[in-house]
Amino acid sequence: MPVGQCPAPPAARTYGGVSIDPVSRKYGAAWNYSDGESAKYASEKICVQKSNSNRCISHWASYYYTAVAISSDDKVTKFGSADSYDSAWKNAIAACQKAGGYECEVVLMTSSTSKPDEKRWGSLSYNIKTGKWGKSWNHYTRREAVAASEKSCGSPECASLGFQSTYAVMAMSPGKELIVGLSNKNMKDAGKDAIKRCKKEFKVKTCEIVLEGMAEGEVK
């Protein structure tokens, strides 16, 4: 090292905390804290106030992302932390499944440096015989979303798919086979994905879009 130069100081570590009531899905989150326990306490305080319960389960981490996975019966709640979004997601699902969770789903993605991102479910249902359809959005679980869209579709013959991606498009082949395309960017990309997958999967030259939906809101 040249004379007169000092090593650069290590980057300051930041901590995030998250606390969630698995039954109501009310939660609290804190970020940009200098220690983990303080972040955890802050998030827990918010969760207790929002849920008005003592069911809040809390966690803190210094990794950039922390995902929260909950089983569909609300009995298992686990956290997964990592410096990449996908790894945190996978870690949370794996921890939930390892603990015996049934149909584990990521419900919340938090960060040690920014506000959390709620993950909601949407669903598309379509009856190839009648052309009737149903869709749902803004549900906490896949099961709830699918049940809502099937009810709207109005028949047990409706084909359904639940999704967490922001946009979803259902396409149909000339033989009336259905497939769904997904995108987190925009509906146009989801449509392109649906048509591409439809042609490839069913080995046809043309497919038509029959239904569009969003996980967190109604298509305008």
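Any read-out appearing in this document is the output of simple, stated calculations on the displayed coordinates, not a laboratory observation. Keep in mind the model is a prediction, meaning the values are calculated, not measured. Backbone-built Cβ (ideal geometry, glycine too); neighbour counts: all protein chains shown.
See the values below:
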quantity	calculated
Residues Glu208, Glu105, Glu144, sorted so that the one with the fewest Cβ neighbours within 10 Å comes first	Glu208, Glu144, Glu105
Shape box of the chain [Cα atoms, principal axes, largest first, Å]	74, 53, 35
Volume per residue of the C-alpha convex hull in segment 15-118, rounded to whole Å³	78 Å³
Evaluated over segment 121-214, the Cα radius of gyration and Dmax, each in Å	12.4, 37
Segment 66-94 versus segment 173-194: alpha-carbon centroid distance in Å	27 Å
Estimated vicinal HN-Hα couplings, Hz - segment 72-80 in sequence order (Karplus 6.51, -1.76, 1.60; Gly, Pro = x)	5, 8, 6, 8, 10, 10, 9, 10, x
Hydrodynamic radius (Kirkwood) for segment 62-144, which is based on Cα pairs only, to one decimal in Å	13.7 Å
